[in-house]
1. Considering only segment 118-128, I want to know if a residue exists there that is in contact (Cβ under 8 Å) with a residue 24 or more places away in the chain, surrounded by 15 or more Cβ atoms within 10 Å (Cβ to Cβ), within 17 Å of the chain's Cα centre (by Cα) and under 21 Å from GLY181 (Cβ atoms).
2. Failed condition for PHE322, given (1) under 23 Å from THR229 (Cβ atoms); (2) at pLDDT below 80; (3) of a type outside the set (A, V, I, L, M), with all others met?
3. May I ask you to list the residues in segment 283-302 that are over 17 Å from LYS323 (Cβ atoms) and surrounded by 13 or more Cβ atoms within 10 Å (Cβ to Cβ)?
4. Condition check: modelled with pLDDT of 70 or more and assigned by TED's automatic domain parsing to the domain that holds ILE128. Does PHE209 satisfy that?
5. Within the group VAL161, VAL200, which residue is assigned to a helix (DSSP H, G or I), in contact with a Phe, Trp or Tyr (Cβ under 8 Å, 6 or more places away or on another chain) and modelled with pLDDT under 50?
6. What residue, of SER274, SER257, SER252, SER227, is closer than 22 Å to ASN326 by Cβ, surrounded by fewer than 20 Cβ atoms within 10 Å (Cβ to Cβ) and either modelled with pLDDT under 70 or not β-branched (Val, Ile, Thr) (or both)?
Amino acid sequence: MEKISVIVPIYKVEEFLDRCLESLTQQTYKNLEIILVNDGSPDNSGALCDEWAKKDKRIVVVHKENGGVSAARNYGLEIATGKYIGFVDPDDFLDTTMYEKLLNALINNKADISMCAYSKYEDDGKKITPVEEYNLRTATAETLPKYLVTTDSSQDLGDKVITGNVMGSIWRALFTKKIIGNTKFRDLGFCEDMAFYMDVIKNNPKITFVDEYLYYYLIRNDSAVRSRTIDALKKREDFVSILDDLYDGRISDEDFSMYKFYCYRCNFIFASVSKDKNVRKYFLNNENFQKLNTKKNYKIRQKNTTNKKIRFKNFLTHHNMFKLYNLWFGK
């Protein structure tokens, strides 16, 4: 059995950590190296990591000065000894079969990256909602990226694998260490996962998908990705520029435009629920955001999904209908 190294950056998560580590240590695939990188957490998270290491010899704990999530993940990559690499956020948890199924899919399809579907849950963990991805089950073989490997359970998986949530979520994926190579996480403050994927794609990976909901993602109102300030919108704007620098033509122009549109959609959603009117004003007057919201992108999104709810979201987003979006989908 080849070893899987799972890298978990730790920072201010003491209330969620036990649940996360319980789901990791109970995985049906046993040959794991669980690397907990305590990124200078000021709460009791570091002590909890040490306690878990005493209970399970597969857990490796590293304590370091605070440097951010990218630095923590990069440190984990440096010391990982497994042939395969996984990343888990410490406030989330996993189905106990996740790594077994991801590894089987990766090996059986001779792929470099395997992914699964995921569900989201609120802080109390009581409400779990499977996340619908707009063209996951509607695309045809003609729309598949050339580097995507399909499995028996996902013959209809479309180019969603390189746009939006799929490429923005490393935590429901398993990578070969070889395909990661020397790739490092960039210190961006937003969408580090996306930039990491864009860098890895340059290594020409083959990707496969397990069409099962095996990862549980926590929705936290205080997380960086849900920040509703103008500064947060500016960071996403900067990220689009970084994507342009990363783009090397390996993805089609059409797919890449959709990929960048994810940043626009994030900013629209948070502008719609922000209590600061200046956030909406900044969003609407920002040419860099608005030029991503093209009719071409909108038509592609509508064509690639039959889900009425998602089509309605696309309509509201395209027409900047903040109040209606907030009424139907805001928090």
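The values are calculated or read from the model by the stated rules, or taken from the named source; none is laboratory data. Keep in mind the model is a prediction, meaning the values are calculated, not measured. Positions of Cβ are backbone-derived with ideal geometry, glycine not excepted, and every protein chain shown enters the neighbour counts.
1. no
2. That leaves (2) as the condition not met.
3. Going through segment 283-302, the residues over 17 Å from LYS323 (Cβ atoms) turn out to be 285-302.
Once the filter is applied, which keeps residues that are over 17 Å from LYS323 (Cβ atoms) and surrounded by 13 or more Cβ atoms within 10 Å (Cβ to Cβ), segment 283-302 yields ASN286, ASN288, PHE289, GLN290, LEU292, ASN293, THR294, ASN297, TYR298, ILE300, ARG301, GLN302.
4. yes
5. Going through VAL161, VAL200 in turn, the sole match is VAL161.
6. On the way: SER274 fails: surrounded by fewer than 20 Cβ atoms within 10 Å (Cβ to Cβ); SER257 fails: closer than 22 Å to ASN326 by Cβ; SER252 fails: closer than 22 Å to ASN326 by Cβ.
After applying the criteria, what remains is SER227.
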